[in-house]
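To start, the structure under review is shown below, and the notes come after it.
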Amino acid sequence: MPAYYPPVGFHFKVEFQGVSGMDKDEEHRFQDVSGLSFEIETESFTEGGENRFAYKLPKRAKYPNLVLKRGMLTGSAIHDWINSAMNTFFTVVVYDFKPADILITLMDEAGEPVAIWNVVQAYPLKWSMSDLNANGNTIVVETLELAYQYFKRQM
(Lines give C-alpha, C1' and ligand atoms only; values in the text may rest on other atoms or scores of the structure.)
Protein backbone atom coordinates (compact mmCIF):
# COMPACT_ATOMS: atom_id res chain seq x y z
CA MET A 1 0.00 0.00 0.00
CA PRO A 2 1.53 3.37 -1.00
CA ALA A 3 2.14 6.03 1.64
CA TYR A 4 -0.55 8.64 2.13
CA TYR A 5 0.36 12.28 1.61
CA PRO A 6 -2.10 15.04 2.56
CA PRO A 7 -3.33 17.13 -0.37
CA VAL A 8 -1.66 20.44 -1.21
CA GLY A 9 -3.64 23.63 -0.74
CA PHE A 10 -2.72 25.40 -3.98
CA HIS A 11 -4.57 23.29 -6.58
CA PHE A 12 -8.24 24.28 -6.40
CA LYS A 13 -11.03 25.92 -8.36
CA VAL A 14 -14.06 27.99 -7.42
CA GLU A 15 -17.28 27.64 -9.43
CA PHE A 16 -20.29 29.95 -9.12
CA GLN A 17 -23.41 27.90 -9.87
CA GLY A 18 -26.30 29.65 -11.62
CA VAL A 19 -24.33 32.77 -12.61
CA SER A 20 -24.60 33.31 -16.37
CA GLY A 21 -21.40 33.77 -18.37
CA MET A 22 -19.23 31.57 -16.12
CA ASP A 23 -18.12 29.40 -19.05
CA LYS A 24 -14.64 30.99 -19.26
CA ASP A 25 -11.95 28.97 -17.50
CA GLU A 26 -10.32 32.07 -15.96
CA GLU A 27 -13.54 32.80 -14.01
CA HIS A 28 -12.79 29.75 -11.80
CA ARG A 29 -9.22 30.73 -10.94
CA PHE A 30 -8.63 32.34 -7.57
CA GLN A 31 -5.40 32.74 -5.68
CA ASP A 32 -6.86 32.61 -2.19
CA VAL A 33 -9.98 31.25 -0.48
CA SER A 34 -10.51 31.88 3.22
CA GLY A 35 -13.37 31.71 5.68
CA LEU A 36 -14.43 28.13 5.00
CA SER A 37 -15.06 27.24 8.64
CA PHE A 38 -17.79 27.06 11.23
CA GLU A 39 -18.17 27.44 14.96
CA ILE A 40 -20.90 26.08 17.20
CA GLU A 41 -22.42 28.65 19.56
CA THR A 42 -23.13 27.34 23.04
CA GLU A 43 -25.30 28.39 25.93
CA SER A 44 -24.16 27.83 29.51
CA PHE A 45 -26.61 26.27 31.90
CA THR A 46 -25.96 25.95 35.62
CA GLU A 47 -27.68 23.41 37.79
CA GLY A 48 -28.56 24.21 41.37
CA GLY A 49 -26.21 22.50 43.82
CA GLU A 50 -23.63 21.63 41.12
CA ASN A 51 -20.80 24.13 41.55
CA ARG A 52 -17.99 22.22 39.78
CA PHE A 53 -19.08 23.08 36.23
CA ALA A 54 -21.75 24.57 34.01
CA TYR A 55 -23.33 22.60 31.19
CA LYS A 56 -22.60 23.87 27.67
CA LEU A 57 -25.49 23.25 25.32
CA PRO A 58 -25.14 23.67 21.55
CA LYS A 59 -27.32 26.35 19.94
CA ARG A 60 -26.44 26.88 16.26
CA ALA A 61 -23.56 27.04 13.84
CA LYS A 62 -21.93 30.36 12.88
CA TYR A 63 -20.26 30.74 9.50
CA PRO A 64 -17.78 33.56 8.84
CA ASN A 65 -17.75 35.42 5.53
CA LEU A 66 -16.10 33.71 2.59
CA VAL A 67 -13.24 35.76 1.13
CA LEU A 68 -12.00 35.14 -2.44
CA LYS A 69 -8.96 36.80 -4.02
CA ARG A 70 -7.73 36.76 -7.60
CA GLY A 71 -6.00 38.83 -10.23
CA MET A 72 -8.49 41.35 -11.57
CA LEU A 73 -10.41 40.33 -14.69
CA THR A 74 -12.05 42.66 -17.17
CA GLY A 75 -15.44 41.69 -18.54
CA SER A 76 -16.05 39.22 -15.72
CA ALA A 77 -19.38 37.44 -15.19
CA ILE A 78 -18.79 37.74 -11.44
CA HIS A 79 -18.61 41.54 -11.81
CA ASP A 80 -21.97 41.45 -13.60
CA TRP A 81 -23.39 39.32 -10.75
CA ILE A 82 -22.04 41.81 -8.15
CA ASN A 83 -23.54 44.74 -10.10
CA SER A 84 -26.88 42.92 -10.21
CA ALA A 85 -26.72 42.54 -6.41
CA MET A 86 -25.92 46.23 -5.92
CA ASN A 87 -28.76 47.30 -8.22
CA THR A 88 -31.17 45.00 -6.39
CA PHE A 89 -30.08 45.88 -2.85
CA PHE A 90 -30.16 49.64 -3.38
CA THR A 91 -33.17 50.15 -5.65
CA VAL A 92 -36.78 49.04 -5.40
CA VAL A 93 -37.41 49.11 -9.12
CA VAL A 94 -35.74 45.91 -10.31
CA TYR A 95 -35.27 42.71 -8.34
CA ASP A 96 -33.31 40.39 -10.60
CA PHE A 97 -30.49 39.22 -8.31
CA LYS A 98 -30.19 35.57 -7.30
CA PRO A 99 -27.72 34.32 -4.69
CA ALA A 100 -25.35 31.67 -6.01
CA ASP A 101 -24.19 28.34 -4.71
CA ILE A 102 -20.42 28.08 -4.92
CA LEU A 103 -18.44 24.86 -5.36
CA ILE A 104 -14.89 24.91 -4.02
CA THR A 105 -12.97 21.90 -5.32
CA LEU A 106 -9.59 20.84 -3.97
CA MET A 107 -7.74 18.76 -6.57
CA ASP A 108 -4.81 16.35 -6.60
CA GLU A 109 -1.81 16.57 -8.94
CA ALA A 110 -3.77 14.83 -11.73
CA GLY A 111 -6.60 17.37 -11.49
CA GLU A 112 -9.00 14.91 -9.85
CA PRO A 113 -11.21 16.15 -6.99
CA VAL A 114 -10.01 15.33 -3.48
CA ALA A 115 -12.67 17.33 -1.62
CA ILE A 116 -15.63 19.48 -2.66
CA TRP A 117 -17.42 22.04 -0.51
CA ASN A 118 -20.81 23.42 -1.53
CA VAL A 119 -21.32 26.97 -0.19
CA VAL A 120 -25.07 27.60 -0.18
CA GLN A 121 -26.85 30.86 -1.14
CA ALA A 122 -23.83 33.21 -1.27
CA TYR A 123 -24.21 36.90 -1.98
CA PRO A 124 -21.65 39.72 -2.14
CA LEU A 125 -20.99 41.99 0.82
CA LYS A 126 -17.81 43.73 -0.25
CA TRP A 127 -15.58 44.07 -3.31
CA SER A 128 -12.18 45.75 -3.20
CA MET A 129 -8.99 45.87 -5.21
CA SER A 130 -5.37 46.28 -4.25
CA ASP A 131 -3.80 49.72 -4.25
CA LEU A 132 -2.48 51.17 -7.47
CA ASN A 133 1.16 52.18 -7.12
CA ALA A 134 3.34 53.60 -9.89
CA ASN A 135 6.49 52.56 -8.00
CA GLY A 136 5.51 48.90 -7.84
CA ASN A 137 5.35 46.04 -10.29
CA THR A 138 2.53 43.92 -8.88
CA ILE A 139 -0.65 42.39 -10.21
CA VAL A 140 -3.91 44.12 -9.34
CA VAL A 141 -5.76 41.77 -6.96
CA GLU A 142 -9.49 41.95 -6.41
CA THR A 143 -11.05 40.71 -3.18
CA LEU A 144 -14.64 39.54 -2.93
CA GLU A 145 -16.27 39.02 0.47
CA LEU A 146 -19.43 36.92 0.53
CA ALA A 147 -22.04 36.03 3.13
CA TYR A 148 -23.72 32.63 2.85
CA GLN A 149 -26.19 30.41 4.69
CA TYR A 150 -24.00 27.36 5.33
CA PHE A 151 -21.66 24.96 3.58
CA LYS A 152 -21.48 21.21 3.33
CA ARG A 153 -18.68 18.93 2.25
CA GLN A 154 -19.79 16.74 -0.62
CA MET A 155 -16.73 14.54 -0.82
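Conditions tested, residue by residue: (1) touching a strand residue (DSSP E or B) at 6+ places or on another chain (Cβ under 7 Å); (2) more than 26 Å from Thr138 (Cα to Cα); (3) of a type in the set (Val, Ile, Thr).
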residue	(1), (2), (3)
Val8	no, no, yes
Asp23	no, yes, no
Leu36	yes, yes, no
Met86	no, yes, no
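Of all residues in segment 47-61, those that are assigned to a strand (DSSP E or B) have Cβ atoms under 9 Å from Cβ atoms of residues that are among the hydrophobic types (A, V, I, L, M, F, W, C), 6 or more apart or on another chain, in Tyr55/Phe45; Lys56/Phe45; Leu57/Phe45; Pro58/Ile40; Lys59/Ile40; Arg60/Ile40; Ala61/Phe38; Ala61/Ile40. Looking only at residues in segment 1-40 that are of a type in the set (A, V, I, L, M, F, W, C) and in a strand (DSSP E or B), the one that is surrounded by the fewest Cβ atoms within 10 Å (Cβ to Cβ) is Ile40. Is there a residue being of a type in the set (Val, Ile, Thr), modelled with pLDDT under 95, touching a Gly at 6+ places or on another chain (Cβ under 9 Å) and surrounded by fewer than 14 Cβ atoms within 10 Å (Cβ to Cβ) anywhere in segment 94-103? Checked against the condition, which is being of a type in the set (Val, Ile, Thr), modelled with pLDDT under 95, touching a Gly at 6+ places or on another chain (Cβ under 9 Å) and surrounded by fewer than 14 Cβ atoms within 10 Å (Cβ to Cβ), segment 94-103 yields no hits at all. Could you tell me whether segment 74-82 includes any residue that is part of a strand (DSSP E or B), of a type in the set (Ser, Thr, Tyr) and over 18 Å from the mean Cα position of the chain (by Cα)? No.
What about Leu66, is it surrounded by 10 or more Cβ atoms within 10 Å (Cβ to Cβ) and within 16 Å of the chain's Cα centre (by Cα)?
Values: surrounded by 10 or more Cβ atoms within 10 Å (Cβ to Cβ): yes; within 16 Å of the chain's Cα centre (by Cα): yes.
Yes, satisfied.
Does Asp32 qualify as being over 27 Å from Ala115 (Cβ atoms), of a type in the set (D, E, K, R) and touching a residue at least 24 places away in the same chain (Cβ under 8 Å)? Spell out how you get there, then give the answer.
Values: over 27 Å from Ala115 (Cβ atoms): no; of a type in the set (D, E, K, R): yes; touching a residue at least 24 places away in the same chain (Cβ under 8 Å): yes.
No; evaluated as a whole, the condition is false for this residue.
In the set Phe30, Phe10, Phe16, Phe45, which member is over 22 Å from Pro99 (Cα atoms), among the hydrophobic types (A, V, I, L, M, F, W, C) and under 18 Å from the mean Cα position of the chain (by Cα)? Give the steps one after another, and end with the answer.
On the way: Phe30 fails: over 22 Å from Pro99 (Cα atoms); Phe16 fails: over 22 Å from Pro99 (Cα atoms); Phe45 fails: under 18 Å from the mean Cα position of the chain (by Cα).
Only one candidate qualifies: Phe10.
Taken as a whole, the condition of being on the phi > 0 side of the Ramachandran plot and small (Gly, Ala, Ser) applies to Gly111.
Among residues of segment 118-135 that are outside any strand (DSSP E or B), those with a Cβ under 7 angstrom from a residue that is surrounded by fewer than 14 Cβ atoms within 10 Å (Cβ to Cβ) and hydrophobic (A, V, I, L, M, F, W, C), sequence gap 6+ or separate chain, pair up as Ser130/Val140. Of the residues screened, Leu66 is one that is closer than 19 Å to Ile116 by Cβ and among the hydrophobic types (A, V, I, L, M, F, W, C). Based on what the data block shows, is Phe30 of a type in the set (A, V, I, L, M, F, W, C) and in contact with a strand residue (DSSP E or B) (Cβ under 7 Å, 6 or more places away or on another chain)? It is true that Phe30 is of a type in the set (A, V, I, L, M, F, W, C) and in contact with a strand residue (DSSP E or B) (Cβ under 7 Å, 6 or more places away or on another chain).
The values are calculated or read from the model by the stated rules, or taken from the named source; none is laboratory data. Only a predicted model underlies this, so the values are computations on that prediction, with no experimental measurement involved. Glycine gets a Cβ as well: all are built from the backbone with ideal geometry, and neighbour counts include every protein chain shown.
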